[in-house]
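Let me begin by presenting the structure, written as structure tokens, before commenting on it.
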Amino acid sequence: MKANLQNHIVVPTPGRRKFYGHGIPGVKAEELVGKLIAVEGADGSGRSTQIARLVEWLETCGHATVQVGLKRSTLVSEELERAQEGNILSRTTLSLFYTTDFADQLENIILPALKAGAIVLADRYIYTLMARDMVRGMDEAWLKNIYGIALVPDAVFYLEVDAEELVQRNLAKNATLDYWESGMDLGLSRDVFDSFVQYQTAMQTAFRRLQKTYGFTIINGNRSVDGITSELRKKIGAVLAGK
Amino acid sequence: MKTFAQLKFPGRLIAVEGLDGSGKSTQIYLLRRWLEAEGVRVYFSEWNSSELVKSATSKGKKRELLTPTTFSLIHATDFADRYERHLLPLLRAGYVVLCDRYIYTAFARDVVRGCPPAWVRGMYNFAALPDLTFFFKADLEVSLNRILDGRPKLKFFEAGMDLRLSSDPYESFRIFQGRILEQYLAMSTEFNFVVMDANERIEAQQSIVRQMVSRRIDLDRFKRQSPLPLPPPVRPRGKLVELEDEPAE
């Protein structure tokens, strides 16, 4: 029985690794034997729920997992949080602050974990950051250059949920709509409900546009939690098997 | 990339660049005093001084958390904050803005640290170029001695210790500054630096600086209608020679 169980543990097949641009000075991509999986989606898209389920499943299957996400770096997470509360940062500053947060986690968590052979689950990656900036009118070529430091993930899933459904889920959970997730800084509407719907619709358009360049998988997030989990498992299973 | 004048901003930006110990901060301070006395609307901004970003930068430096990439990004964040919140509106309002270090500091330093030049330059391409840039060129030994004669305790990043050039901070600082100087010299023609002989006496340099400024900028256009009373002299850090990364506290 014991031997039998062990046979079920799949050792992930190393794939071709590369950075979007020049990457990080001194890092050899071929040494990064683990797998990087990114899950993108708005608040209320079921991202965190799905990641928690994936972690449980992957660990049961014998894989070591490491999680990263936005605003979690040792270097700038507190400062970024404080700056956002005051809403005093201009768009380029906020954008670069988030890039710094991303780079710190990339170099100190993602790359070492991949080198050690872990499966890294990113609760949002560079695409959310790029989409937010695109909606705010930032230059795409500028963004592409900055995020040339990023490693190309083995899989990226974008959980797409209709804006109206997102409203319902966020209100059911928090009884309020978050200032930033409503894009209130853009001044689309003084009404937070209208602003949320307009902003999330614009974010979806930006994601669709990015999808054409970066080729990630769009998952219909309007379905049941279980349905989405099983689709993700199937797709990630294929990635681990090197398919 | 264009200058503020080329972009039809009413204001003008003057930057000083050079190694630590080249005397550039003294010169821009004296320029500022003169412009204030002349009744010119003037604003001074220093590299690495955004209140918002400061706590992250000093934490990163103290705990040696910074890599070449995050070092570069956090300084760009600091610059962007000052640029968007102070520099742009002031230049729109017709101020003469004086910058102690501008994007060329990043171009030189981040590249020495190993970041690709195209990446660094691309990151800063939201910023317009200065209308006038003074580069204070002193002999490497002169700048080094100005700093090292005081035998300061060199901090990790300012000595370039993260580059593992030498285990001796003073030796590391010498090599690091030498490489930065090479980068500055390579940019000098491309960006039209006014190259100043920083080995000259302070007064001689200042007289050239003031001449250049009045020749290149029509200062009368920037004067207040009713001059403000001259503010008291505030030297930011009360010293003639200082290291760029010294914390302000």
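For region B:12-220, the orientation-averaged shadow of the C-alpha convex hull comes to 11.5 nm² (one quarter of the hull surface). Taken over region B:1-47, the alpha-carbon convex hull comes to 88 cubic angstrom per residue. Dipole of the protein assembly as shown computed with +1 at Lys/Arg Cβ and -1 at Asp/Glu Cβ about the Cα centre; of A:Met130, A:Pro14, A:Ala64, farthest Cα towards the positive end is A:Pro14. Ellipticity at 222 nm from helices only: DSSP H runs of n ≥ 4 in the protein assembly as shown, each -39500 (n - 2.57), divided by the residue count, give -14000 deg cm²/dmol. Would you work out the charge dipole size for region B:5-117 about its Cα centre, treating the Cβ of every Lys and Arg as +1 and the Cβ of every Asp and Glu as -1, and quote it to the nearest 20 debye? Here region B:5-117 has a charge dipole of around 100 debye. Residues whose amide H falls under 5 Å from that of B:Val42, counting only those 5 or more places apart or on a different chain, are B:Val96, with hydrogens built in the peptide plane.
Given R₀ = 25 Å, FRET efficiency for B:Glu38-B:Arg216 by Cβ-Cβ distance, to 0.05?
According to the calculation, E is roughly 0.95.
Using bins of 20 Å that start at zero, the share of Cα-Cα pairs per bin across the protein assembly as shown amounts to 21, 48, 26, 5, 0, in whole %. Across region A:123-130, computed HN-Hα scalar couplings (Karplus, 6.51 cos²θ - 1.76 cosθ + 1.60, θ = phi - 60°) run 7, 6, 10, 5, 5, 4, 5, 5 Hz from first to last residue, x flagging Gly and Pro. Couplings 3J(HN,Hα) for region A:31-48, derived from phi with the Karplus relation 6.51 cos²θ - 1.76 cosθ + 1.60 (θ = phi - 60°), are 7, 8, 7, x, 10, 10, 10, 10, 10, 10, x, 5, 4, x, 7, x, 3, 5 Hz, where x marks Gly and Pro. Cα convex hull, region A:34-115: 103 Å³ per residue, rounded to a whole number.
Ordered by the number of other Cβ atoms lying within 10 Å of each residue's own Cβ, fewest first, B:Thr77, B:Thr69, B:Thr3 fall into the sequence B:Thr3, B:Thr69, B:Thr77.
Each pair of Cα atoms in region B:1-117 enters the Kirkwood radius, and Stokes-Einstein at 4 °C and 1.567 mPa s then converts it into a translational diffusion coefficient of 84 µm²/s. Placing pseudo-labels 7 Å out from each Cα toward the beta carbon at B:Arg92 and B:Ala186 gives an inter-label distance of 3.7 nm.
With +1 on each Lys and Arg Cβ and -1 on each Asp and Glu Cβ, and nothing else charged, work out how big the dipole of region B:12-220 is about its Cα centre, in Debye to the nearest 20.
Dipole about the Cα centre, nearest 20: 460 debye.
Both the radius of gyration and Dmax for chain A are 18.3, 63 Å, in that order, over alpha-carbon atoms.
Restricting attention to region A:95-191, which trypsin sites (Lys or Arg not before Pro) occupy a DSSP loop and are surrounded by at most 11 other Cβ atoms within 10 Å?
Sites meeting the loop and neighbour criteria: A:Arg190.
Annotation for region B:114-186 versus region A:161-200: alpha-carbon center distance of 47 Å.
The charge dipole of region B:160-231, taken about the Cα centre with unit charges on the Cβ atoms of Lys, Arg (+1) and Asp, Glu (-1), comes to about 420 debye, rounded to the nearest 20. Between the beta carbons of A:Ser90 and A:Val10, assuming R0 = 45 Å, the FRET efficiency works out to 0.40 to the nearest 0.05.
Values in this text are rule-based calculations from the coordinates and carry no lab data. These numbers come from a predicted model, not from an experiment. Please note: Cβ atoms are built from the backbone with ideal geometry, for glycine as well, and neighbour counts cover all protein chains shown.
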